[in-house]
1. Look at residue 67 and say whether it is touching a Gly at 6+ places or on another chain (Cβ under 8 Å) and among the β-branched types (Val, Ile, Thr).
2. Among 97, 60, 103, which is the only one that is open to solvent by less than 60 Å² (accessible area, probe 1.4 Å) and either of a type in the set (D, E, K, R) or in contact (Cβ under 8 Å) with a residue 40 or more places away in the chain (or both)?
3. Could you please tell me which pairs satisfy a Cβ distance under 7 Å, a separation of 6+ or placement on different chains, a first residue in region 17-34 that is farther than 17 Å from residue 76 by Cα, and a second residue that is among the β-branched types (Val, Ile, Thr) and outside any helix (DSSP H, G or I)?
4. Where residues in region 22-53 are among the basic types (Lys, Arg) and over 16 Å from residue 9 (Cα atoms), which of them is farthest from the chain's Cα centre (by Cα)?
5. Hey, could you check region 58-106 for residues that are of a type in the set (Asp, Glu) and touching a His at 6+ places or on another chain (Cβ under 7 Å) and say which is farthest from residue 24 (Cα to Cα)?
6. Mind checking which residues of region 72-94 are open to solvent by less than 30 Å² (accessible area, probe 1.4 Å) and outside any loop (DSSP other than H, G, I, E, B)?
Amino acid sequence: MSALSDSWGTGRSLIRFAPTAARDPVAVSWYGRMERDAVTPGGLLNMVRTSAQLDYSTYLRKLNVPTLILHRRDEVVPVEAARWMASQIPGAELIELEGEDHLVWWGNTAAVVDEVRRFAGRARFTTEFRE
């Protein structure tokens, strides 16, 4: 984790989250600025530590909304995490896409847009939670 916080703000972490974009110096520069604008290196460590201690499973099981989970198979986050999340949300739909970029705005973006359009075109939305 310290390796990530040590390079935070440089854009070098883009290689982990969007390897297809990491070869583009403009993308790396933009990503570095986004990192600097988002959180300090110390804030990043606190955010990751806090997130690791949270358990959302109770809330996931209470969701009563159409839920689409998109996950690229070869990305930094293991696909098993998406499969687990989908198993916790009643009626959730998991689509595993080809690719290695965690960030949806890089890589095969057409597949992401197609799946969101398909899902939104047939979903019925409500704001109720299950008890």
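1. Working: touching a Gly at 6+ places or on another chain (Cβ under 8 Å): yes; among the β-branched types (Val, Ile, Thr): yes.
It is true that residue 67 is touching a Gly at 6+ places or on another chain (Cβ under 8 Å) and among the β-branched types (Val, Ile, Thr).
2. On the way: 97 fails: either of a type in the set (D, E, K, R) or in contact (Cβ under 8 Å) with a residue 40 or more places away in the chain (or both); 60 fails: either of a type in the set (D, E, K, R) or in contact (Cβ under 8 Å) with a residue 40 or more places away in the chain (or both).
Of 97, 60, 103, the one residue that is open to solvent by less than 60 Å² (accessible area, probe 1.4 Å) and either of a type in the set (D, E, K, R) or in contact (Cβ under 8 Å) with a residue 40 or more places away in the chain (or both) is 103.
3. 32/10
4. Within region 22-53, the first condition is being among the basic types (Lys, Arg), and the residues that meet it are 23, 33, 36, 49.
Filter once more, keeping what is over 16 Å from residue 9 (Cα atoms): 23, 49.
Numbers: 23: 21, 49: 17 Å.
It comes out as 23.
5. Taking region 58-106 as the starting set, the residues that turn out to be of a type in the set (Asp, Glu) are 74-75, 80, 93, 96, 98, 100-101.
Checking the rest, the ones that are also touching a His at 6+ places or on another chain (Cβ under 7 Å) come to 75, 96.
Working: 75: 18, 96: 26 Å.
Looking at residues that are of a type in the set (Asp, Glu) and touching a His at 6+ places or on another chain (Cβ under 7 Å), I get 96.
6. Residues satisfying the conditions are 72, 79, 82, 86.
The values are calculated or read from the model by the stated rules, or taken from the named source; none is laboratory data. Computed from a predicted model, the values in this text were never measured in an experiment. Glycine gets a Cβ as well: all are built from the backbone with ideal geometry, and neighbour counts include every protein chain shown. Surface accessibility is based on the protein's heavy atoms, side chains included, excluding ligands, DNA and RNA. Shrake-Rupley method; radii C 1.70, N 1.55, O 1.52, S 1.80 Å.
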